[in-house]
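Colleague: My questions all concern the structure below.
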Amino acid sequence: HCSLAGIFMFMLLDEYKLKKLTSFAGGIIFMFSGVMITYKSTLMSQTIAWFPLILMFLEKFRKSKRFELLILASIFYSISLYGHAQMFLYGSIVLFLFIIYYSFIYERNYFFLLANIIFIGAISINTYIIFDAASWINNSVRGIVDDRYTFFSTGSLNPKLLLNVFFPYIFGCKNPSASGIPHFLRWFGKEDRRSEKTTGRRL
């Protein structure tokens, strides 16, 4: 699937008339991207690999208005459902945003109506799988949770920690001897000042 991901990305970029070398580089980058390598040989990579191909068929349909291309996109979209459900959902959001973008910026609204056939087709093809999964979910941990919001939000990060994206040590550093970190950044957080004193007493 990593190889297919690179090939499909090359085909997608080539559809936009980019140079062959550029398309080739894009395919290599995609197939060796972090998510593809991290989740290689898993259901995640098996789902992600198909979406460049689906986007390519949508782009071809937008240009040629050939209905069979839309059918092909729907079939491969259905195949991607046999992988990882969460990645399938993320990919579906990307497809929907792609359709909205071209519907309201470059095309008339009929493209929006026709392109959404891929979702209807996928649901029709995979009706049995969807209902089967719905029946089995009650036998899983997620199906027996009463307070689902509390369960799924357990372990979520505090929104204030978004600052760490830009200032990694703004709330302090757990390693006092970290090299290359200015002292005022190392001990900016109050919690880490307390941990420093505690560590000092233990030592």
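Throughout, read-outs are computed from the coordinates displayed, never taken from laboratory work. Nothing here was measured: the structure is a model prediction, and the numbers come from that model. With ideal geometry, Cβ positions are generated from the backbone for all residues, glycine too; neighbour counts draw on all protein chains shown.
Colleague: Please identify the chymotrypsin sites (Phe, Trp or Tyr not before Pro) of the stretch 54-111 that satisfy two criteria: DSSP loop assignment and at most 14 other Cβ atoms within 10 Å. Which are they? Walk me through the numbers on the way to the answer.
Modeller: Values: sites: Phe57, Phe61, Phe67, Phe76, Tyr77, Tyr82, Phe88, Tyr90, Phe96, Phe98, Tyr101, Tyr102, Phe104, Tyr106, Tyr110, Phe111; in loops: Tyr82.
Sites meeting the loop and neighbour criteria: Tyr82.
Colleague: Taking the mean number of other Cβ atoms within 10 Å as a proxy for protection, how do you rank 38-44, 125-131, 6-12 from highest to lowest? Could you put the intermediate results ahead of the total?
Modeller: Working: 38-44: 14.3, 125-131: 12.3, 6-12: 21.7.
With the highest mean Cβ count within 10 Å placed first, the list reads 6-12, 38-44, 125-131.
Colleague: Taking a 22 Å limit on the Cα-Cα distance, which of the listed pairs Lys19/Lys40; Lys40/Lys60; Lys17/Lys63; Lys20/Lys40; Lys19/Lys65; Lys20/Lys63 fall beyond it? Please list the in-between numbers first.
Modeller: Working: Lys19/Lys40 28 Å; Lys40/Lys60 29 Å; Lys17/Lys63 13 Å; Lys20/Lys40 26 Å; Lys19/Lys65 25 Å; Lys20/Lys63 20 Å.
Long pairs (Cα-Cα over 22 Å): Lys19/Lys40; Lys40/Lys60; Lys20/Lys40; Lys19/Lys65.
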